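The values are calculated or read from the model by the stated rules, or taken from the named source; none is laboratory data. Just so you know, these numbers come straight off a predicted model, no measurement behind them. Methodologically, a virtual Cβ is constructed for each residue, glycine included, from the backbone with ideal geometry; neighbour enumeration extends over all protein chains shown. When the accessible area is computed, the model is the full protein with side chains, heavy atoms only, and any ligands, DNA or RNA have been set aside. Shrake-Rupley method; radii C 1.70, N 1.55, O 1.52, S 1.80 Å.
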Amino acid sequence: MPFLAPFAGDPDRWTTATTVDLRQLPVTGRWKVWFEVLTEFGHSSRPADEQTADGPVWRRASVEQTVPQGLVTDLASVPVPLWGVIASYGRQTLPAILHDAASRELAASAAPASARRAARRDADHLFRETLRQSGTGPVRRLLMWAAVRLFGHVPLAVVFLLAVVAGIAALCLGAAGAGTPWVTGAWIVAGGAAAALLVLAVLLGVESRPAAGGSRPRWVPAAVGSLLGAAGTGFVALPLLLPLIVLTTVAELVVGVGEGGSGVRAQGAAGDGPPSTRITYASPG
């Protein structure tokens, strides 16, 4: 289903979004650029409420997810070492902003942790689905979904990274002919982190959803499976991408020497505000 935008002057009627306006905020850091959403947009998996001569129309109540005007986002939150693999913008721009809005809403929610976990899984699933609708390829889609699924739970992300780093260290120490205690110790750390990841995934599988009889937490195998699937994807992908990650990091450190501050205004820019960036989104056919 498409991304949607409200009709001008009629916020109760929405139609397929053709453009979403973003404003690039002043750059104050070397590796992070922030944008402000200037036009509200949303997404719905429901069919249109009516068909008009100008196209399909959804009522506001049928728009399931919205991104408010004024939301500040870094688009897809891709760390510098992965810039050589996945950009922070592209086909993934609107899905990433939609996921950002859902994540901010969850962070401010007073709902029980089990309910937030269920909502988070739904948001991650929607992110993957909107990536597909936007034409993102299956491999990139899988990697981006695995990243938000894992790093949406900080303890899980920490033990995952510990397992990866310890495992790579064990392999490198073994290849370098290091003493057995060092290699064994690294494998023990990697195994312990992997075991902790499994335990955390099982615990994070407890979710709750609103129901007529009340919201009761229950263990959801599908939730555990999605977390373990994301971790498995990471365990396969990170070692394969390690040479590119190292090369990208070194290259960025070298070519970015001397960068910093807020930069200079683009030639011909008028006014005191930052320059605007307009992103045109073409709805999939």
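Table for the structure above
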quantity: Lys/Arg +1, Asp/Glu -1 at C-beta; the chain dipole; positive extreme among LEU131, LEU203, THR52; calculated: LEU203
quantity: Virtual spin-label span in nm between LEU203 and VAL27, 7 Å along Cα→Cβ; calculated: 4.1 nm
quantity: Translational diffusion of the range 42-195, µm² s⁻¹ [Kirkwood Rh, Cα pairs; Stokes-Einstein; 25 °C; 0.890 mPa s]; calculated: 134 µm²/s
quantity: The chain - charge dipole about Cα centre, Lys and Arg +1 at Cβ, Asp and Glu -1, debye rounded to 20; calculated: 640 debye
quantity: Mean shadow area of the range 16-113 over all directions, Cα convex hull, nm²; calculated: 8.6 nm²
quantity: Mean accessible surface per residue for the chain, computed with a 1.4 Å probe while every protein chain stays in place, in Å²; calculated: 54 Å²
quantity: Evaluated over the chain, the Cα radius of gyration and Dmax, each in Å; calculated: 21.9, 76
quantity: Farthest toward positive dipole pole in the chain [+1 Lys/Arg, -1 Asp/Glu at C-beta], among ALA223, LEU25, TRP14; calculated: ALA223
quantity: Rounded tilt (10° steps) of 180-204 against the dominant C-alpha axis of the chain; calculated: 30 degrees
quantity: Furthest towards positive pole of dipole, ALA96, PRO79, PHE160, structure part the chain, Cβ charges; calculated: PHE160
quantity: Cα long-axis angle, helix 138-151 against the chain (0 to 90 degrees, to the nearest 10); calculated: 80 degrees
quantity: Between the range 162-200 and the range 14-69, the Cα center-to-center distance that results, in Å; calculated: 45 Å
